[in-house]
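*Asks:* Please find one structure pasted underneath; my questions will follow.
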Ligand SMILES: [Zn+2]
């Protein structure tokens with residue numbers, strides 16, 4: 001994800017980082033992932049590249065444009081209550097995704113004139129299907145050497161939250177990502193990570209990781225939204241990162257097949273000007289721009305075919321590691337590539353939700369609503385199921401957690417004792433057979 005830096009810069013003890021970050025790096029989880037893939041599964045890496053090249057080829061034959069809609073499930077897996085982000089922060093992040101992927105963001109005018117014609121709208125729209133909240137005692141840390149990228153976060157049994165069908169939903173997990181350490185030495189903080197497209201015909205069989213259940217995006221709880229009261233201190237540094245919701249934009253870009261704008265070179269070695277990200281209209285850069293916004297930087301002094309010129313580094317791109325306030329665009333080439341991925345390896349995301357949602361709690365409703373001392377939850381079960389009901393406050397706190405109760409199929413109902421709840425708005429989560437229905441409940445006094 002977003003930020004940064006070659007791990008190696010820290011390990012080798014030399015500083016390629018700019019002056020304001022004499023600190024430990026904030027690592028990009030995608031870089032860690034690429035490293036693991038290259039080290040452990042060379043054939044997987046080759047498949048990635050083939051996938052990417054195939055998508056890039058397709059991008060040139062797409063002529064018709066129509067809006068593409070992606071359904072999103074957000075999993076909030078929290079330990080400390082500050083990690084249990086309010087709905088308002090998650091909704092704000094959804095708005096930012098929709099603005100940035102459609103070039104409706106307010107800061108498009110900050111893009112240098114030279115690049116204005118290159119900027120594009122992907123016409124990809126994100127629709128929030130559900131917020132799943134899970135309270136946990138588990139801690140989530142990337143195991144760089146073991147090659148485990150937060151699999152526990154994506155497992156109910158391990159204290160996380162299991163994915164909704166990853167073929168049809170973009171799953172975004174929000175949690176506190178623990179600082180990353182190797183041999184007990186903290187090397188940085190990952191703000192987010194995402195897996196590029198998966199499940200293609202030419203994907204190798206029998207690879208233990210990544211699994212379909214792990215597909216999706218992970219974001220540290222401090223890197224969500226532009227209205228998030230939590231801040232991220234640069235590890236070992238003196239300041240905080242300014243977060244305005246661009247980390248998820250960057251990660252979803254990876255999820256839809258984009259590579260870093262500098263070409264993903266050099267996790268353990270120097271980057272260079274020969275590494276392409278596979279997109280014609282993103283200028284070559286020798287490395288990521290670590291936190292800065294240097295509009296005069298030209299890290300690769302070479303004439304590029306697309307520009308017939310030697311363009312400066314495109315630090316405003318969402319797939320660089322610039323400051324979030326500096327980023328404001330995808331290129332047309334990147335937009336086309338993401339669309340081709342959505343119509344290719346990730347086409348399942350575009351299926352109508354009504355045909356694929358694993359609904360097992362049908363037609364649920366609550367009455368009376370508003371309620372005072374008692375409310376009834378009515379629901380229709382297609383088969384026998386263990387039903388669990390939770391009431392969550394508007395602030396995201398679980399205020400009532402009823403033990404699971406077995407019901408046979410058909411129309412059923414359950415009573416909620418609301419006498420101890422302060423007046424206000426609540427969300428009632430009705431879970432059965434892995435599906436969740438959420439209903440609003442107003443309690444009056
Ligand atoms: Zn990244």
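*Asks:* Return yes or no: is residue 334 buried (at least 22 other Cβ atoms within 10 Å of the Cβ), closer than 30 Å to residue 164 by Cβ and in the same structural domain as residue 274 (by TED's automatic domain parsing)? Give the derivation first.
*Replies:* Values: buried (at least 22 other Cβ atoms within 10 Å of the Cβ): yes; closer than 30 Å to residue 164 by Cβ: yes; in the same structural domain as residue 274 (by TED's automatic domain parsing): yes.
Yes, satisfied.
*Asks:* Any residue in region 60-71 that is out of contact with any strand residue (DSSP E or B) (no Cβ under 9 Å at 6 or more places or on another chain) and either crowded, with 20+ Cβ neighbours inside 10 Å or at pLDDT 95 or above (or both)?
*Replies:* Step one: list which residues in region 60-71 are out of contact with any strand residue (DSSP E or B) (no Cβ under 9 Å at 6 or more places or on another chain), which gives 60-66.
Okay, now just the ones that are also either crowded, with 20+ Cβ neighbours inside 10 Å or at pLDDT 95 or above (or both), so none.
Within region 60-71, not a single residue is out of contact with any strand residue (DSSP E or B) (no Cβ under 9 Å at 6 or more places or on another chain) and either crowded, with 20+ Cβ neighbours inside 10 Å or at pLDDT 95 or above (or both).
*Asks:* Does any residue in region 247-259 that is under 16 Å from residue 342 (Cβ atoms) come within less than 7 Å, Cβ to Cβ, of a residue that is near the ligand (Cβ under 9 Å from one of its atoms) and part of a helix (DSSP H, G or I) six or more places away or on a different chain, and which pairs are these?
*Replies:* Listed by first residue and then by second, the contacts come to 254/30.
*Asks:* Now for a separate question. Does residue 152 satisfy the criteria of being without any contact (Cβ under 8 Å) to a residue 24 or more places away in the chain and under 14 Å from residue 173 (Cβ atoms)? Give the steps one after another, and end with the answer.
*Replies:* Numbers: without any contact (Cβ under 8 Å) to a residue 24 or more places away in the chain: yes; under 14 Å from residue 173 (Cβ atoms): yes.
Yes; evaluated as a whole, the condition is true for this residue.
*Asks:* Before we move on, is residue 90 in a strand (DSSP E or B), on the phi < 0 side of the Ramachandran plot and either modelled with pLDDT under 95 or surrounded by 15 or more Cβ atoms within 10 Å (Cβ to Cβ) (or both)? Walk me through it before giving the result.
*Replies:* Working: in a strand (DSSP E or B): no; on the phi < 0 side of the Ramachandran plot: yes; either modelled with pLDDT under 95 or surrounded by 15 or more Cβ atoms within 10 Å (Cβ to Cβ) (or both): yes.
Taking the combined requirement at face value, the residue does not satisfy it.
*Asks:* Would you be able to say whether some residue in region 192-201 is modelled with pLDDT of 95 or more and buried (at least 17 other Cβ atoms within 10 Å of the Cβ)?
*Replies:* Restricting attention to region 192-201, the residues satisfying the condition of being modelled with pLDDT of 95 or more are none.
Looking through region 192-201, none of the residues is modelled with pLDDT of 95 or more and buried (at least 17 other Cβ atoms within 10 Å of the Cβ).
*Asks:* Let me ask something else about it. Looking at this structure, is residue 335 at pLDDT 90 or above and under 20 Å from the mean Cα position of the chain (by Cα)? If you could, list the steps in order and put the result at the bottom.
*Replies:* Values: at pLDDT 90 or above: yes; under 20 Å from the mean Cα position of the chain (by Cα): yes.
Criteria met by residue 335.
*Asks:* Hey, another quick one. Every residue in region 291-321 that is in contact with a helix residue (DSSP H, G or I) (Cβ under 9 Å, 6 or more places away or on another chain), surrounded by 15 or more Cβ atoms within 10 Å (Cβ to Cβ) and assigned to a loop (DSSP other than H, G, I, E, B), please.
*Replies:* Listed by number, the residues that qualify are 311, 312, 314, 316, 318, 319, 320, 321.
*Asks:* Could you list, ordered by first residue, the pairs with Cβ atoms under 8 Å in which the first is in region 304-324 and under 14 Å from residue 117 (Cα atoms) and the second is within 13 Å of the ligand (Cβ to nearest atom) and in a loop (DSSP other than H, G, I, E, B), at least 6 apart or interchain?
*Replies:* Correct list of pairs: 314/261; 314/320; 316/322; 316/327; 317/261; 317/327.
*Asks:* Also: Collect the residues in region 103-114 that are out of contact with any helix residue (DSSP H, G or I) (no Cβ under 9 Å at 6 or more places or on another chain) and buried (at least 18 other Cβ atoms within 10 Å of the Cβ), keeping them in residue-number order. Even if it seems obvious, please write down each step before you answer.
*Replies:* Within region 103-114, the subset out of contact with any helix residue (DSSP H, G or I) (no Cβ under 9 Å at 6 or more places or on another chain) is 107-114.
If the condition is that a residue be out of contact with any helix residue (DSSP H, G or I) (no Cβ under 9 Å at 6 or more places or on another chain) and buried (at least 18 other Cβ atoms within 10 Å of the Cβ), then 111 is the only one that fits.
The values are calculated or read from the model by the stated rules, or taken from the named source; none is laboratory data. Owing to the predicted nature of the structure, the values given are computational and were not obtained by experimental measurement. Cβ sites come from the backbone with ideal geometry, for glycine too, and all protein chains shown count toward neighbours.
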